[in-house]
Every structure is written in structure tokens, then in C-alpha cells.
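Report on one structure; see the data block that follows.
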Amino acid sequence: MTGHRAVAECLWKRHIAEQLKLRDRLQRQAFEEIIQQYNRLLEKSDLQAVLSERLQTDKFDLQSRQDLSPGVDAGRSDALLQEMAQIRIRHQEELTELHKKRGELAQNVIQLNNQLQQKDKEIQSNEAKMQEYQQRIAELEGECRELRSSLQDLERANQTLKDEYDALQITFSALEEKLRRTTEDNQELVSRWMAEKAQEANRLNAENEKDCRRRQAKLQKELADAAKEPLPLDPDDDIEVLPEEAPETPAESSPGRMVSRTPSKRASQPPPAGLLDSISMSNLSRRRSVNSSPDSTETNTGVCVEVRVPSTALHVFDAHDGEVNAVRFSPGSRLLATGGMDRRVKLWEVVSGRCELKGALTGSNAGITSIEFDSAGSYLLAASNDFASRIWTVDDYRLRHTLTGHSGKVLSARFLLDNARIVSGSYDRTLKLWDLRSKVCMKTVFAGSSCNDIVCTEQCVMSGHFDKKVRFWDIRSESIVRELELLGRVTSLDLNHDRTELLTCSRDDIVKIIDLRSNAMRQTFSAQGFKCGSDWTRVTFSPDGGYVAAGSADGTLYVWNVLSGKVERTLDKHHSSAINAVSWSPSGSHVVSVEKGSKVVLWSDM
């Protein structure tokens, strides 16, 4: 920078010196002739003065001579006077001409002085402009140096970016090739995994079939043993056993004879197979009718005669080897399904106020997050943390479908009303619509937030999300009809029996009822000690929609009255950890709650 500045100073100094020399030459050439003429005039003026003085001197001398010698030659003096007169006239003319030229020259000098002053002003103005221009030139040179420096920096940065881009391009090409190979490997692994899953499903189905055959064989044996026992005659029994051998005689046709021969025939010869099955089923139905209570009959029918607000824990038991995440009653209220982190769904039969294990549904590779029965109670749908949803048949415990496609754990899955399609919501912020007939994903909708729970109507899917919003989706158009924002993360959704009211639970520890017909908030529930224990805490309506049940983080079960909005009942002392889910039986007689531990509590009003 110092070298450039020194060079610049030398240049402008040299330029100023050249300009001064040029101005000196121009102004000297313009006034040199005038000055020379002016000097000549001065010389002539001095000469004229000398001549005048000489004439005066000569005149004085002449007069003196005349005074001294008046008698000198008069002719000679007249000639001298005439000559003197001519000389005087000539000198006078010359003097006049010189005065005239002097005036002209003085006027020229004045004009030239004015021009010189104007030129000086112009020179000063030009010098001021030159200073401004020099200053501007210096500024521009500084800007040029800065721009050159910036340009060099930009060129270096551009070169660096170009090098980085080339390196990134090479890395991208390598990663793209790696991605292609990984995709091929993934496809191969998925195909192998699907084949292994199919083999595993076939193996599980074979094991289930073996279990079913063993149970059927055991049942047949029990039936055969029961058929071999003597059967007392019941006046109300409409089964009549007649001897198959020997033609009927009048003696044998009498009522007393028939009664006396029937036991002996039964003891000596077993009845036919069809008749054996009829007798056995009659005995079993008679035994079940004897052992069953009116409550159990109501439970088996699944019809909500009267909703009973729970007050007593009928049965407390450990259902799974770890946390229990989901619970659901079947539509007939006879079966209860629970799902836990031990990767199993267990079916329980509610008999006489107790839950008896009926079977287990296996095949999941991770913990169960939600459970749903179809409207007929024939199929069970479970969502899992292994990014999949599975469907089992309830009667034979066979795994029928495995629906994979989510990239995150599936937190909720529901049957649509036609039972031929299901909707699943996942942690990967998508909802998927599945067709069970073709076993493929029909639609995928990006929701923008993790989906924690789902409920369905005929043409609308309602989903609760981590971003505190409840979204209403139109199944046909795959678009959001509307959104409802709550004050906390949505953990649970539930519909009443008429599907006109939506129950929501959120992490702000508030349970709300939304009227779907008017899109208005109908009721809000809260309590002093109520607190959601997790992001998937499930709450439920009673079958008639008159009550709401929810579990708290401290293990307390709260029941609110919908009409009054107040707590109807508080149940505690049986759960030792946070309650994850609550289910109310469709018959209205039982409530089941599950916790983060392994306990399940069956509640009723008895």
C-alpha cells in the first residue's frame, strides 16, 4: 500500500509541474510581443524626451548666441529656425503618434490584465477542480484497491467453494452409489424378511392349529367322558334316547318299560356320535346356565341395559411381563384384550367378576401400543412399536395380516365402519389407509406431526397429534377438513356411541368433549389430582355417553359425570403406577384399567 501511494504522489506532482510549464509557455507567448512593443514605446518615449531636452538646449544656446551676437548672419539663423520648426513639427507628430500608440497599448495592457485575471480565476477554479478530482481519484483508487482486494478474496472463496463443490460432488456420487447398493440390499433384506415373516406366521399358525387340535381333542375327550357318565332324567329335558336294536314290542312300548330299559342301554352301549355331541352340548349348556349369574348373562349379551359407575375392584392381576399399554373390550363384552411391552396380546374371558386367560396372540416384534376389535368381534387389530400393524382372528388366534410401511412406531390403528379398511397413525407423522382385501396401502397422508390416537366415522378420520392439534380428514379427498388446537399434546380420542361427540385428552391435564354437529366445546373436565402420565394416556366414554373415565399419573381412576361436569367417583389404592389406558365394557357393567406396571384392574359397582 505504501509503494502504491508513493507512486501516486510522484505522478500527480509531475502532472502539476507539466501543467505549470504549459501555462507559462502559453501565457508568455501571448504577451511577449506586447511587452516588446511596450519596451520600444518606452525607449521612443525616452528618446523623445532626450530630443526635447536637446531642442530646448539648442534653442537656449541659439537664443544665447543671438543675445551675444545679434549681428550674426540673419539668414543663417532663419534657416536654422525653419529647420528647427520642421524638426519640432516632425517630433510633435511622432510624439502624438507615440502617445496614440501608448494609449492603444495601455488599453491592450488593461484588456490583457483583465484576461489575465480571468485566466487566474479560471486557473484557481481549475486548480480547485483538480484538487477535487485528485481527491476523487484518490478515493476511487482506494475503492479500486478495496475492490481488487475483495475481488481477490471472492476469487479465493470461489475457488474454495468450487473445490468444496467438487469434493461434495464426488462424495455425493459415492453416497448415491452407496444408497443404490443399500437400497438393493434393503429390498433384498425386506424380501427375505417378508419371506421369514411368512414362514414365522405359518409356523405360528401351525402351532395355533396344533393347540386348537389339542384343545379340541381334550374337549372331545371331556365330552366323551361326560357322555359316559349316567345322565339323570329331567322332566324338562327334551332329549329322548330310544333303543336302536330289536323291534319295538307292546311290552317295551309302555312308559315304565322304557324308563327301566333306558339306563341299562346307556350303560351297556354308548349312543351314536351325533347323539353324543348333542347330549354333551346339552350338558355343557345346562352347566353354564347353572353356574352363570344374571350379571354374566348381561355381560355376554353385550347390550347396555344400564351403565354402572365402578366402585369396587373385582379382580386385580398381573397381565403381562412388563408395562401394559392398551386394553379393549370386545363388542359382546365377553372378551377383554390387553397389549403390553412383552410383544403379546392376551385375551381374557370375564366370568363371575374375574378375568380368566383364554389365549395369547403372538407375532409382534415389539411392544403393543393400541388394540381394536372389529364391529363383529371376529378380528383383533393391534398397532406395534415395530412399525407395523397386525390382524388376528379371535376364534383360532391365527395371524392373518401384517401391514408394514410406516417408518416409525405405529401408535394407533382403527377399523373403519366397513371393517374392510383400517387407518393407522404413526410417529413418522403420516396416516395410512389400508385395504384388507388387497392387503396394500391405498393412501398415505402427511399430517406434519406425530399421530398419537385415531378415531373414525363413516367418511371422516379424526387424529390427535403431538403439536396439540386435532385434525379432521376427509377420506375421499385426503384433505384436512378443519383443525382444532388444544392447550397440550393430544394423548387420546374417543367417540360416543352415536358418534356425535368427540372426547379428547391432552397433556395440559384437561379432558374435553367436542360436539361434532356444532363444532363447539360442550364440556371440560379436570380435577385437583388428575395428571396425564404419558403421551398415549387413553380415556373413554361410557356406553351411553353419560360418563367419562380416565386414569391419572398417580394410579387413580377418575369418573366424571358428563351432565354436571363434576367428578362422580375417584378410585385408588390398587394401581401402583400411572394408568395408561381405560376401557368401558359395551354392556356398561365393567371398567378395566391398565398401568405402566403389569397390573390390570377389573372394576364394577359390586
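The values are calculated or read from the model by the stated rules, or taken from the named source; none is laboratory data. Keep in mind that this is a model prediction, so the values were computed, not measured. Neighbour counts run over all protein chains shown; Cβ positions are idealised from the backbone, glycine included.
Brief remarks on what is shown
- Checking A447 against (1) surrounded by fewer than 20 Cβ atoms within 10 Å (Cβ to Cβ); (2) modelled with pLDDT under 90, the condition it does not meet: (1)
- Selection from the stretch 418-460 of residues that are of a type in the set (D, E), closer than 25 Å to D498 by Cα and part of a loop (DSSP other than H, G, I, E, B): D418, E458
- Answer from S477, S463, S449, S526 - the residue that is polar (S, T, N, Q) and within 23 Å of V327 (Cβ to Cβ): S463
- In summary, Y427 fulfils each of the numbered conditions (1) hydroxyl-bearing (S, T, Y); (2) in contact with a Cys (Cβ under 8 Å, 6 or more places away or on another chain); (3) under 28 Å from V601 (Cα atoms) with the single exception of condition (3).
- Residue satisfying condition, being surrounded by fewer than 22 Cβ atoms within 10 Å (Cβ to Cβ) and either in contact with a His (Cβ under 7 Å, 6 or more places away or on another chain) or polar (S, T, N, Q) (or both), within set V351, V394, V316: V316
- None of L179, L154, L168 is without any contact (Cβ under 8 Å) to a residue 40 or more places away in the chain, hydrophobic (A, V, I, L, M, F, W, C) and under 30 Å from E9 (Cβ atoms) except L154.
- Qualifying residue in the stretch 359-368 (condition: β-branched (V, I, T) and without any contact (Cβ under 8 Å) to a residue 60 or more places away in the chain): yes
- Per-region count, the stretch 182-200, residues polar (S, T, N, Q) and either touching a Lys or Arg at 6+ places or on another chain (Cβ under 7 Å) or touching a residue at least 12 places away in the same chain (Cβ under 8 Å) (or both): 0
- Taken over the stretch 28-47, residues that are surrounded by fewer than 10 Cβ atoms within 10 Å (Cβ to Cβ) and either within 60 Å of the chain's Cα centre (by Cα) or of a type in the set (F, W, Y) (or both) amount to 0.
- In the condition set (1) of a type in the set (D, E); (2) within 30 Å of S45 (Cα to Cα); (3) surrounded by 12 or more Cβ atoms within 10 Å (Cβ to Cβ), E141 is compliant with all but (2).
- With respect to the conditions (1) hydrophobic (A, V, I, L, M, F, W, C); (2) out of contact with any helix residue (DSSP H, G or I) (no Cβ under 9 Å at 6 or more places or on another chain); (3) closer than 20 Å to D605 by Cα, A337 falls short on a single one, namely (3).
- Among (1) modelled with pLDDT of 90 or more; (2) over 20 Å from D428 (Cβ atoms); (3) surrounded by fewer than 22 Cβ atoms within 10 Å (Cβ to Cβ), the one test that A366 misses: (2)
- Near pairs, Cβ below 9 angstrom, 6+ apart or cross-chain, from the stretch 396-409 (over 14 Å from W193 (Cβ atoms) and modelled with pLDDT of 90 or more) to any residue that is part of a loop (DSSP other than H, G, I, E, B) and among the small types (G, A, S): L399/G363; G408/S450; K409/A366; K409/G367
- Which numbered condition G488 misses (of (1) under 30 Å from V559 (Cβ atoms); (2) touching a Lys or Arg at 6+ places or on another chain (Cβ under 6 Å); (3) surrounded by 18 or more Cβ atoms within 10 Å (Cβ to Cβ)): (3)
- Residues that are of a type in the set (A, V, I, L, M) and touching a Phe, Trp or Tyr at 6+ places or on another chain (Cβ under 6 Å) within the stretch 550-566 comprise A550, V559, listed in sequence order.
- Options S333, S280: the member that is crowded, with 16+ Cβ neighbours inside 10 Å, under 27 Å from A227 (Cβ atoms), at pLDDT below 90 and among the polar types (S, T, N, Q): S280
- Among the residues of the stretch 461-519, those that are more than 22 Å from T430 (Cβ to Cβ) and among the hydroxyl-bearing types (S, T, Y) comprise T500, S518.
- L563 meets all of the listed conditions (1) in contact with a strand residue (DSSP E or B) (Cβ under 8 Å, 6 or more places away or on another chain); (2) at pLDDT 90 or above but one, namely (1).
- Filter result for G555 (closer than 20 Å to I510 by Cα and either more than 33 Å from the chain's Cα centre (by Cα) or free of Cβ contacts under 8 Å to residues at least 12 places away in the same chain (or both)): yes
- Test: L47 is under 30 Å from Y133 (Cα atoms) and either in contact with a Ser or Thr (Cβ under 6 Å, 6 or more places away or on another chain) or assigned to a helix (DSSP H, G or I) (or both): no
- Any hit, the stretch 508-519, residues being closer than 16 Å to E323 by Cα, at pLDDT 90 or above and either within 31 Å of the chain's Cα centre (by Cα) or buried (at least 21 other Cβ atoms within 10 Å of the Cβ) (or both): no
- Restricting the stretch 377-391 to residues that are free of Cβ contacts under 8 Å to residues at least 40 places away in the same chain and not in a loop (DSSP other than H, G, I, E, B), the residue that is surrounded by the most Cβ atoms within 10 Å (Cβ to Cβ): R390
- Selection count, the stretch 462-505, where residues are over 20 Å from the mean Cα position of the chain (by Cα) and either at pLDDT 90 or above or not aliphatic (A, V, I, L, M) (or both): 17
- For the stretch 485-513, filtering for residues that are under 30 Å from H575 (Cα atoms) and part of a strand (DSSP E or B) leaves 16.
- Selection over the stretch 363-376 of residues that are within 19 Å of S330 (Cβ to Cβ) and part of a loop (DSSP other than H, G, I, E, B) gives a count of 3.
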